[in-house]
Amino acid sequence: GDLRDRLDETSPRFWDDKQLNRWLNEGAQDVARRGQCLPDTTTRAIAASSATATLPANGFGLHRAEFSNDNGVTVYPLEFRDPNEMDEFWIRRTQQNYRPSFLVENGYPGATNWSATLYPIPSSSGILTIYYYRLAATANSDTDVVDLPSGWEDLAITYASYVALRKDQNPIYQEVKQEYEEKLGTLIDTTRRYHDQSGWIVGSGAGGAPD
């Protein structure tokens, strides 16, 4: 309804409902990817001597990872490393079982092989907690809510408006596209942190200089 109001077409004439719903979903996905505004968390049970875990199917980027082998009493943050950066550990040092310190990403988001390799190989079972950015859930009907942060749902509507106007070869679509980009820029600036306090430089806690 909001989208048709913006297009001044309360009943289907130039654009049918199927088209508009598809563009709304495209808009939500564009906002989710570029704005990284849908953080989520998932866990994986890790067995002893098992070094691989699947990554979430609805994710497209990782933010943080933690490992715990005592039911969450002690949580160990993992460092992200690329495969080439791990050569000094995998080639020059013996691969032994211990508590993991590193997470290496394999494959790419959306593929069945998108996974994480832990190193060292866990010597005991534990829980891997993954903090990641997810894609927007698909809205399948007119009554579904656009899956964006509260207060920013109009971004998907603005996106769909400009795509619809561009398809109709209406030159005003350029103004609507600019409006969308400006709103998206504001979302990126304001949803990194949902508070207005200053940040902190956190030490290692060991009392020495960082590595």
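The values are calculated or read from the model by the stated rules, or taken from the named source; none is laboratory data. None of these values were measured; they are calculated from a predicted model. Counting neighbours? That spans all protein chains shown, and the Cβs are built from the backbone with ideal geometry, glycine included. The area values use the complete protein model at the heavy-atom level, side chains included, leaving out ligands, DNA and RNA. Shrake-Rupley method; radii C 1.70, N 1.55, O 1.52, S 1.80 Å.
Things worth noting here:
- Dividing the convex hull volume of the alpha carbon atoms of region 140-191 by its residue count gives 78 Å³ per residue.
- When ILE157, ILE201, ILE172, ILE91 are compared by accessible area of protein heavy atoms, the largest-first order is ILE201, ILE91, ILE172, ILE157, using a 1.4 Å probe.
- In plain terms, the chain from HIS63 to PHE80 could stretch by 5.2 nm, reckoned as 0.36 nm per residue minus the Cα-Cα distance.
- For the chain, with +1 on Lys and Arg beta carbons and -1 on Asp and Glu, the positive-most of LEU103, TYR119, LEU24 along the dipole: TYR119
- For the chain, the per residue solvent-accessible surface stands at 62 Å², with DNA, RNA and ligands left out and a 1.4 Å probe.
- Rounded to the nearest 20 debye, dipole of region 1-123 from Cβ charges on Lys, Arg, Asp, Glu: 280 debye
- Taking all Cα-Cα distances within region 1-111, those exceeding 19 Å account for 63%.
- Cα centre as origin, Lys/Arg/Asp/Glu Cβ charges: the chain dipole, Debye: 660 debye
- Net charge, PRO109 excluded, C-beta distance under 14 Å - Lys, Arg +1, Asp, Glu -1: 0
- Alpha-carbon Rg with Dmax, taken over region 2-58, Å: 19.6, 61
- Modelled spin-label separation between ASN113 and ASP87, with each label point placed 7 Å from Cα along the Cα-to-Cβ direction: 2.0 nm.
- In the chain, the C-alpha radius of gyration followed by the widest Cα-Cα span (Dmax) gives 22.3, 69 angstrom.
- Orientation-averaged projected area, Cα convex hull of region 115-156 (nm²): 5.3 nm²
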